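Structure first, commentary second.
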Amino acid sequence: MTKKHIPALRFDGFSNPWVLRHLAEFEITTGPFGSTLHAEDYVEHGTPIVTTEHFKSGMLPLTGQGVPQVSDDDRCRLKVYWLQTDDIVFSRVGSVDINARVTELQNGWLFSGRVLRLRPDTTCDAEFLHSVLETDPVRGAIRKRAVGMSMPSINTAILANTSFYQPPTLEEQRAIGELFADLDTLIEQHRTKHANLQQTKTALLQRMFPQDEADEPELRLNGFSAAWDEVRIQNVSDVLVGNPFQSSSFVDDGIRLVRGMNVKRGWLDFDQSLTVFWPSIRGVETFLLDQNDILLQMDGALIGKSFAMVSKTDLPALLVQRVARVRAHHNVDPKFLYQWFAKDFFGYIRSVKTETAVPHLSALDILSFRVKIPPSLEEQRAIGEVFADLDALIAAESRYITQLTQAKTALLQRMFV
């Protein structure tokens, strides 16, 4: 930002300084309180009424599915709380710095008592306003003024005290607003595709693996018919817990060390801030990882969910304490075995672990995990490839979302004052 209130990155053809605005210049309304509308007043088919949980991503639902709805009588009675296209909604409690723009799809919906409605005037483009309210300085200012220790909250006065800069022309505002609207739409499309792929995988895991006492799956690839065998992980793999490498001997470059913090939900994170190295494999060859090893985080709130398979690009790497390695036997396909962890491991861990201050997974817990295996390695590989391909699609969508979100963050920093 310059002293003349001009952004670092700007569309061609615009040069005038931006002007200071305050949300107090716009209409701000608090939603109906509990005495006006009760949960028992909701109906199965009616007009949707949005609350804070419906726009945590910065966008409102495209349909009323899953959104509470009110009767026509209540809708008429609550006419003052109708939403119209280009309104901006804010969470009044909790994530008070999150806002969403009302589109034509939500025109005529209502908003709840946990929501504030902001209605811009004709001098401010709503898509631009939604975007400028997403910038870090504005969000930080709102959070700073919020009241409440355990649950932050804001009211009309706090929101009205929010200031921002806008271009002097609607033409520039609209150009900026449309750019970010297109980005948001693209991000949401990939999020939807990502969610659909995950749902597809969940459904296939239920149908392509035997359930409960069954020894065959409901859905089976052609050419296979033999019953599956139920075994413990210790019967089909070698399990190893990592080595307590001393942090004083870490180096800036060498062999990667895989610690618990590197094991995410389905992938290994070797971000520079998380990665440390060991000088060589000499003396610690036992802990050297191989491609297709399955790694499990053994401590923390996400045990049972944090596991990943080692890829060729992750190597060379060494196994650190509080991470377990599961290496499939030669007659078991590792990609197939990995899907059992995706399907049942978290539920299994919940059934055998008690709540503690620091949740911990033992080697015995892992060794005792029961899975069902088809006798044919060919069938295992075929199933493993189906899910490996699906996982690759899911991972690709996740990368797109990350890249687009990072691009949006960078533009938010450079295109606003």
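The values are calculated or read from the model by the stated rules, or taken from the named source; none is laboratory data. The structure displayed is predicted, hence computed values, not measured ones. Here Cβ is always computed from backbone atoms with ideal geometry, including for glycine, and neighbour counts include all displayed protein chains.
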The condition of being within 23 Å of HIS360 (Cα to Cα) and of a type in the set (Val, Ile, Thr) holds, among VAL231, VAL284, VAL241, VAL251, only for VAL241
Just one listed residue, out of LEU9, LEU23, is among the hydrophobic types (A, V, I, L, M, F, W, C), exposed (fewer than 11 other Cβ atoms within 10 Å of the Cβ), at pLDDT 95 or above and in contact with a helix residue (DSSP H, G or I) (Cβ under 8 Å, 6 or more places away or on another chain), and it is LEU9
Margin query: When you scan segment 353-361, do you find a residue that is surrounded by 13 or more Cβ atoms within 10 Å (Cβ to Cβ) and acidic (Asp, Glu), even just one?
Written below: no
Is segment 143-165 home to any residue that is without any contact (Cβ under 8 Å) to a residue 60 or more places away in the chain, assigned to a helix (DSSP H, G or I) and surrounded by 14 or more Cβ atoms within 10 Å (Cβ to Cβ)? yes
Exception for THR30 within (1) in contact with a Lys or Arg (Cβ under 9 Å, 6 or more places away or on another chain); (2) not basic (Lys, Arg); (3) not assigned by TED's automatic domain parsing to the domain that holds THR123 falls at (3)
Condition set closer than 13 Å to LEU204 by Cα and of a type in the set (Val, Ile, Thr), scope segment 377-406, selection surrounded by the most Cβ atoms within 10 Å (Cβ to Cβ): answer is ILE383
Taking segment 241-259 and keeping residues in contact (Cβ under 8 Å) with a residue 24 or more places away in the chain and in a loop (DSSP other than H, G, I, E, B) leaves GLY242, PRO244, PHE245, PHE250, ASP252, ASP253, GLY254, ARG259
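With the requirement that a residue be part of a loop (DSSP other than H, G, I, E, B) and under 20 Å from THR36 (Cα atoms), what does segment 77-88 give you? Give the steps one after another, and end with the answer.
Of segment 77-88, the ones part of a loop (DSSP other than H, G, I, E, B) are 78, 83-87.
Residues satisfying the conditions are LEU78, LEU83.
Does GLN69 meet the test of being surrounded by fewer than 21 Cβ atoms within 10 Å (Cβ to Cβ) and in contact (Cβ under 8 Å) with a residue 24 or more places away in the chain?
Values: surrounded by fewer than 21 Cβ atoms within 10 Å (Cβ to Cβ): yes; in contact (Cβ under 8 Å) with a residue 24 or more places away in the chain: yes.
Against the criterion (surrounded by fewer than 21 Cβ atoms within 10 Å (Cβ to Cβ) and in contact (Cβ under 8 Å) with a residue 24 or more places away in the chain), GLN69 qualifies.
Table: residues versus (1) farther than 17 Å from VAL371 by Cβ; (2) β-branched (Val, Ile, Thr); (3) more than 29 Å from the chain's Cα centre (by Cα).
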| site | (1), (2), (3) |
| --- | --- |
| ASP182 | yes, no, no |
| LEU186 | yes, no, no |
| THR202 | yes, yes, no |
| GLN206 | no, no, no |
| GLU216 | no, no, yes |
| ASN222 | yes, no, yes |
| ALA226 | no, no, yes |
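So that you can scan it fast, the table gives a plain yes or no per residue for (1) β-branched (Val, Ile, Thr); (2) farther than 30 Å from ARG10 by Cβ:
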residue	(1), (2)
THR36	yes, yes
ASP41	no, yes
PRO68	no, yes
ASP97	no, no
LEU105	no, yes
ASP125	no, no
Here the qualifying pairs (Cβ atoms under 9 Å; residues six or more apart or on different chains; first in segment 206-228 and farther than 14 Å from ASP344 by Cβ; second of a type in the set (S, T, N, Q) and part of a loop (DSSP other than H, G, I, E, B)) come out as GLU216/SER225; GLU218/GLN211; PHE224/SER376; ALA226/SER376
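In the list PHE128, PHE180, PHE111, which residue meets the criterion of being at pLDDT 95 or above and in the same structural domain as GLN413 (by TED's automatic domain parsing)?
Going through PHE128, PHE180, PHE111 in turn, just one is at pLDDT 95 or above and in the same structural domain as GLN413 (by TED's automatic domain parsing): PHE180.
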The number of residues in segment 89-127 that are in a strand (DSSP E or B), under 27 Å from the mean Cα position of the chain (by Cα) and among the charged types (D, E, K, R) is 2
Checked against (1) under 23 Å from the mean Cα position of the chain (by Cα); (2) assigned to a strand (DSSP E or B), ASP238 satisfies every condition except (1)
Heads up, the strands (runs of 3 or more DSSP E) in segment 1-64 (entirely inside) with at least 1 residues that are acidic (Asp, Glu) and closer than 29 Å to ALA160 by Cβ are 27-30
So, first residue among the charged types (D, E, K, R) in segment 306-329, second residue surrounded by fewer than 17 Cβ atoms within 10 Å (Cβ to Cβ) and assigned to a loop (DSSP other than H, G, I, E, B), Cβ within less than 7 Å, six or more apart or across chains; the pairs are LYS312/GLN291; ARG327/ASP290
